[in-house]
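Take a look at the structure below.
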Amino acid sequence: MTETVDHYVTHAPITLSFIVPAYNVAEYVGRCISSLLSSQAPDVEIIVVNDGSTDETGLIADEYALANPGLLKVIHQSNRGHGGAINTGMAHAGGAYIKVIDADDWVDPSSLITVLTTLREQLRQSSAVDLVATNYVYEKQNKHFKHVVRYDNVMPTGRTLSWDDIGTFRTNQYLIMHSLIFKASVLRQSHMQLPDHMFYVDFIFSYQPLPHTSTLLYVDTNFYRYFTGRQGQSVETKTMVSRVSQLMLVNRIMTQLTPEPDSVPTGLYRYMIHYLSINCVITSTFLILSKKQENYQMKQHLWQQLENRSSIIAEDVRSATLCRLINIPGQTGRLVVRFGYRIAEAAIGFN
């Protein structure tokens with residue numbers, strides 16, 4: 001059963017809806033909510049979805065709602081997982097744009113002002129852009145070095161772009177959920193309903209709506225603060241190895257969602273193939289890191305299902321540099337993957 005604690009009353013048009021899926025993050029959810037409340041803007045709504053937490057997450061969120069009437073709504077529901085919580089948030093969101101913020105992450109207050117100013121300017125125009133991208137920052141626990149992911153190499157900042165205006169992304173560079181703000185109408189047009197009780201649905205969230213976008217805007221500001229390094233986090237290496245079957249399911253969904261090259265703009269198809277190739281590499285990598293013979297066979301199945309979907313799409317994905325490396329056969333190929341993963345892990349200080 002879903003219960004809404006609603007101290008949210010507004011009559012002004014909402015520029016931006018923040019959706020905060022929250023599960024057992026009592027230690028962090030206050031920091032997240034405080035950062036979103038920092039603007040005190042009447043055209044911003046914050047929707048916290050307490051996804052069946054067994055700690056004090058829901059209570060803390062309710063206290064913030066009571067203290068900030070008109071700005072914050074809390075929805076309590078039985079546990080449905082990350083995707084189910086996002087679905088609930090989207091169903092209740094009334095903003096022109098939607099941004100998902102995981103409850104253990106936060107936003108930079110000064111950057112929030114920049115983002116809101118940009119979105120308001122867009123909505124004053126006759127045709128607001130479909131997608132806004134910003135930078136995000138790896139905030140690793142107990143580390144002073146902050147790794148910033150930006151996109152100024154592929155997108156000029158501050159002007160409306162089509163997908164054919166986008167440059168070539170680096171091998172390991174792509175637009176993840178943390179960097180994206182979608183127009184709400186785009187999400188509705190995509191009919192996106194994320195799977196319940198599945199991890200890594202952020203890949204789907206960042207992928208499925210893309211064919212419904214035609215215009216983009218890049219804002220070169222370090223908006224999203226991505227908290228990493230805490231034990232048990234879903235992106236921790238050991239956790240991802242143990243949940244590799246979930247990665248396989250996400251990859252299958254993304255494969256089915258990939259459009260044929262003649263059905264979307266060239267630049268968009270090129271980017272989606274790039275993104276799908278990265279997901280194929282990530283999934284294949286953790287299948288290999290598991291060191292289980294049955295998962296080596298699952299890796300072969302992954303690439304075969306891509307071929308079954310479309311030989312053209314499969315050929316384009318396989319042509320990516322990392323995909324060629326991930327498919328070096330036998331023990332030699334697996335050693336290359338494990339060595340390469342250790343280098344990449346150290347390079348960004350991921351774990």
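One table, with the values for the structure above:
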{"read-out": "Ratio Rg/Rh, restricted to segment 113-197 and using Cα atoms, in which Rh is the Kirkwood radius", "value": "1.00"}
{"read-out": "Potential lengthening between residue 110 and residue 188 on full extension [0.36 nm per residue; Cα-Cα distance subtracted]", "value": "25.1 nm"}
{"read-out": "Segment 26-106 - Rg (one decimal) and Dmax (whole number), Cα, Å", "value": "11.7, 33"}
{"read-out": "From the C-alpha gyration tensor of segment 127-266, square roots of 5λ in Å", "value": "26, 22, 13"}
{"read-out": "Packing-based order for 236-242, 61-67, 132-138, using average beta carbon neighbours within 10 Å, highest first", "value": "132-138, 61-67, 236-242"}
{"read-out": "Segment 234-336, accessible surface, carbon-and-sulfur percent (1.4 angstrom probe)", "value": "54 percent"}
{"read-out": "Calculated log₁₀ intensity ratio I(q)/I(0) where the Debye formula runs over C-alpha points of segment 16-154, q = 0.13 Å⁻¹", "value": "-0.59"}
{"read-out": "Semi-axis lengths (Å, descending) of the ellipsoid that matches the C-alpha gyration tensor of segment 60-118", "value": "21, 16, 12"}
{"read-out": "Equivalent ellipsoid dimensions for the chain as semi-axes, Å, which come from the Cα gyration tensor, largest first", "value": "33, 24, 19"}
{"read-out": "Accessible area of segment 114-270 divided out per residue, in Å², using a probe of 1.4 angstrom", "value": "44 Å²"}
{"read-out": "Cα convex hull of segment 93-134 - mean projected area over all directions, nm²", "value": "3.5 nm²"}
{"read-out": "Cα centroid separation - segment 288-338 against segment 205-266, whole Å", "value": "19 Å"}
{"read-out": "Stretchable slack from residue 304 to residue 162, in nm (0.36 nm times residue separation minus alpha-carbon distance)", "value": "47.9 nm"}
{"read-out": "Rg ratio (alpha-carbon, reference 2.2 N^0.38 Å) - segment 276-323", "value": "1.11"}
{"read-out": "Dimensionless Rg ratio for segment 179-245, taking C-alpha atoms and the 2.2 N^0.38 Å reference", "value": "1.37"}
{"read-out": "Taking only Cα atoms of segment 206-296, radius of gyration then Dmax in Å", "value": "16.0, 45"}
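The values are calculated or read from the model by the stated rules, or taken from the named source; none is laboratory data. All values reported here derive from a predicted model rather than from experimental measurement. Positions of Cβ are generated from backbone atoms using ideal geometry, with glycine treated the same way; all protein chains shown enter the neighbour counts. When the accessible area is computed, the model is the full protein with side chains, heavy atoms only, and any ligands, DNA or RNA have been set aside. Shrake-Rupley method; radii C 1.70, N 1.55, O 1.52, S 1.80 Å.
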